[in-house]
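Worksheet: the structure to be examined is printed underneath.
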Amino acid sequence: MTNDGIPRAPRGLSKPSQRMWQELHREYELTPDLSLLLRTALEAYDRMIQCEKELGDNLLVVDPSGRRRSNPLIEAAKTYRSQFMQAWRLLGVGSEPAKEVGRPPRGY
């Protein structure tokens, strides 16, 4: 715990993810389960960013038999993005309540 009662960010998170950890714990009262979900989201985010940096413009690679194929980092980045988005949605961070569907009432 930090002096302001916020749990320390888990080791291994990037600086931006550490800041996000602090901001979300400051803004929301996260239960231990939600803290674990936040950690999972931020770890997936960091891995996604790492894959995208390593990938750069190298969308194709040459396999041992000399054939060109998609860089495996593309699939890894997609997987980490999906994991991040799924955890983020479950956290409900920044989501607004659904608006009513249909016509507005008379006189609206």
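Read the figures in this text as sums done on the coordinates, not as results from a lab. All values reported here derive from a predicted model rather than from experimental measurement. No Cβ is skipped: glycine too gets one built from the backbone with ideal geometry, and neighbour counts run over all protein chains shown.
A few remarks follow.
- Residue pairs whose Cβ atoms lie under 8 Å apart, sitting 6 or more positions apart in sequence or on different chains, and linking a residue in region 71-89 that is more than 22 Å from LEU60 (Cα to Cα) to a partner that is of a type in the set (Ser, Thr, Tyr) and assigned to a helix (DSSP H, G or I), are GLN83/THR40; PHE84/TYR45; ALA87/THR40.
- Within this structure, ARG19 passes the test of being exposed (fewer than 15 other Cβ atoms within 10 Å of the Cβ) and not acidic (Asp, Glu).
- Only residues that are loosely packed, with under 12 Cβ neighbours inside 10 Å and of a type in the set (Phe, Trp, Tyr) were counted in region 34-90, giving 0.
- Residue pairs meeting the criteria (Cβ under 8 Å; at least 6 apart or on separate chains; first in contact (Cβ under 8 Å) with a residue 40 or more places away in the chain and under 17 Å from LYS78 (Cβ atoms), in region 35-47; second of a type outside the set (A, V, I, L, M, F, W, C) and not in a helix (DSSP H, G or I)): none
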